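Enquirer: I'd like to ask you about the structure that follows.
The values are calculated or read from the model by the stated rules, or taken from the named source; none is laboratory data. Here the structure is a predicted model, which is why all the values come from computation and not from measurement. As a convention, Cβ positions derive from the backbone with ideal geometry for all residues, glycine included, and neighbour counts pool all protein chains shown. Ligands, DNA and RNA are excluded from the accessible area calculation, which covers all protein heavy atoms including side chains. Shrake-Rupley method; radii C 1.70, N 1.55, O 1.52, S 1.80 Å.
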Amino acid sequence: MLQGKNRLVLDESARQCMRAAGQFNAELLDFIRDLVIPGVATSEIDAHVEQYTRDHGHVPAPLGYQGFPKSCCTSVNEVICHGIPGDYRLQEGDLINVDLSTIVDGWHGDSSETFLIGDVSAMARALTQCSFDCLYLAIGALTPGCPVSDIGNTIVEAARARQFSVVREYTGHGLGRRFHQEPTIPHYPTKQARRDRLEPGMCFTIEPMINQGTRLTQQDPEDGWTVRTKDGQLSAQFEHTILMTEEGPEILTPTRHGPQPGHQF
Ligand code: MF3
Ligand code: CO
């Protein structure tokens, strides 16, 4: 295992720091939940994210990260991830993933949910359900020291059973003092993921992006961030920060008011 300031295995005091960061990130998701309604502009959601984070003495991790211009990602309908909050106003029938990441006393929390705006299509609902179920099935597959590939195997199988596809270009990741670090957590099986193991003390995200049609992606050449499905069909995503412990996985970003395991959309 790596040691030093970027070491991957966290001792008890570092685990407590990550628990605090995860808890704040989840609280922030609960705080913005009531704002994610028809008529709201995604920039308004972002402004509340930044204000609430700063009011609590913390820092929005996305702001300025590799030049990202806002404090959270808002990804609507065919946008897979890294949507930039702006003037777009949510409409009945939309799907939106709100992805929040916070730095709390130097440690990162990272989690996201897909919200259904009013009455949505049966397809949008099924896709959202699939990404939610993929996240919890993957968490349920984890055991101390298991290969990272248990995650991708579980997710690809569950998505395929429902005839949806799994995005490959964007992955989960280790996190701690850094926003993105090893190990890479692909949501599909890879050779490297069969080698990497999730040992007690490791912290990482699982954030499956599930597409209605093709798994292929296209990054917006103009803003350099927004990632869309290549075929313009829908995409949905949920994310938690996980700490592997000696007893098994611990979800560090559970919300009080969001969908709980087993939720039906
Ligand atoms: N959860 C997303 C990720 O880990 C958050 C991206 S923030 C951005 O990639 F600034 F990189 F866009
Ligand atoms: Co993440």
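Enquirer: Quick one: accessible surface of Leu35, probe radius 1.4 Å, all protein chains present, in square angstrom to the nearest 10.
Expert: The accessible area comes out at roughly 40 Å².
Enquirer: Quick check: convex hull of the Cα atoms in region 170-265, volume per residue, rounded to a whole Å³? Kindly include the intermediate steps, with their values, before the conclusion.
Expert: Numbers: hull volume 15.0 nm³, N = 96.
Looking at region 170-265, the number lands at 156 Å³ per residue.
Enquirer: Report P(r) for region 117-166: all Cα-Cα distances, bin width 5 Å, range 0 to the bin holding the largest distance, values in whole percent.
Expert: Spelled out bin by bin, region 117-166 gives 4, 21, 27, 18, 13, 9, 4, 2, 0 percent.
Enquirer: Something else now. How large, in percent, is the carbon and sulfur part of the accessible surface of the chain at a probe radius of 1.4 Å?
Expert: Values: 5480 of 11360 Å².
Carbon and sulfur together cover 48 percent of it.
Enquirer: Okay, next question. Let me check something: with ligands and nucleic acids excluded, how do Asp87, Asp119 order by accessible area (1.4 Å probe), largest to smallest? Write down the numbers at each step before the final one.
Expert: Numbers: Asp87 140, Asp119 110 Å².
If we order Asp87, Asp119 from most to least accessible, we get Asp87, Asp119.
Enquirer: Could you estimate the translational diffusion coefficient of region 93-243 from the Stokes-Einstein equation, with Rh from the Kirkwood formula over C-alpha pairs, at 37 °C and 0.692 mPa s, in whole µm²/s? Mind dumping the intermediate values first?
Expert: Values: Rh = 15.8 Å.
Answer, rounded: 208 µm²/s.
Enquirer: Right, here's the next one. Sort Asp46, Asp34, Asp231 by accessible area with a 1.4 Å probe, largest first. Can you show the working numbers first?
Expert: Numbers: Asp46 10, Asp34 125, Asp231 65 Å².
Ranked from most to least accessible, the order is Asp34, Asp231, Asp46.
Enquirer: Rounded to the nearest 500 deg cm²/dmol, what is the calculated helix-only ellipticity per residue at 222 nm for the chain, with -39500 (n - 2.57) per DSSP H run of length n ≥ 4? Don't jump to the answer; show the numbers that get you there.
Expert: Values: 5 runs with 72 residues, N = 265.
Estimated from H runs of four or more residues: -9000 deg cm²/dmol.
Enquirer: Taking loop as defined by DSSP and a crowding limit of 10 other beta carbons within 10 Å, which GluC sites (Glu not before Pro) in region 179-265 fit? Present the calculation step by step, with values, prior to reporting the outcome.
Expert: On the way: sites: Glu222, Glu239, Glu246, Glu247, Glu250; in loops: Glu222, Glu246, Glu247.
Loop-located and lightly packed - Glu222, Glu246, Glu247.
Enquirer: A further question follows. With the Cα gyration tensor of region 42-174 in hand, convert its eigenvalues to equivalent ellipsoid semi-axes via √(5λ) and list them largest first in whole Å.
Expert: That gives 27, 22, 12 Å for the three semi-axes.
Enquirer: Order the following by accessible area, largest value first: Trp225, Trp107. Probe radius 1.4 Å; ligands, DNA and RNA are ignored.
Expert: On the way: Trp225 45, Trp107 25 Å².
Greatest to least solvent exposure: Trp225, Trp107.
Enquirer: Semi-axes of the equivalent ellipsoid of the chain: what are they in whole Å, largest first, if each equals the square root of 5 times a C-alpha gyration tensor eigenvalue? Before the final figure, lay out the partial values.
Expert: Values: eigenvalues 139, 100, 54 Å².
Sorted largest first and rounded, they come to 26, 22, 16 Å.
Enquirer: Taking the Cα-to-Cβ direction at Ala122 and at Arg256 and moving 7 Å from each Cα, how far apart do the two end points lie in nm?
Expert: 3.8
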